[in-house]
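Below: the structure, in structure tokens.
The numbers here are math on the coordinates, done by the rules we state, and not lab data. Every value quoted in this text rests on a predicted model; they were computed, and no experiment measured them. As a convention, Cβ positions derive from the backbone with ideal geometry for all residues, glycine included, and neighbour counts pool all protein chains shown.
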Amino acid sequence: SGDVNSNGVTDINDYIIIRNNFLGTNKTLATGDLNGDTVVNFTDFRIWKNDREAAVAAAGGVPRPAGGLRVTAQLPAAR
């Protein structure tokens, strides 16, 4: 579960805790360590993200698009 603050909901508040402790060591669940390795890293973020997406989908939320978002920029011509 991605519920870091143990309030029964995986939401932005849990993400903020993970973000604030990112790359920290000697961490616990309450400080964002979702997999129990005492480090808050991308693995913990992915656990939170996957749990959040599952909760949104179960609630009838908008599904994510199958493809990635492509952003392009037009640079000024060289002089």
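Ranked from highest to lowest mean number of other Cβ atoms within 10 Å per residue, what is the order of the peptides 17-29, 41-53?
The peptides rank, most packed first, as 41-53, 17-29.
For GLY8, what is the net charge nearby, where nearby means another residue's Cβ is under 15 Å from its Cβ and Lys, Arg count +1, Asp, Glu -1?
Result for the local shell: -3.
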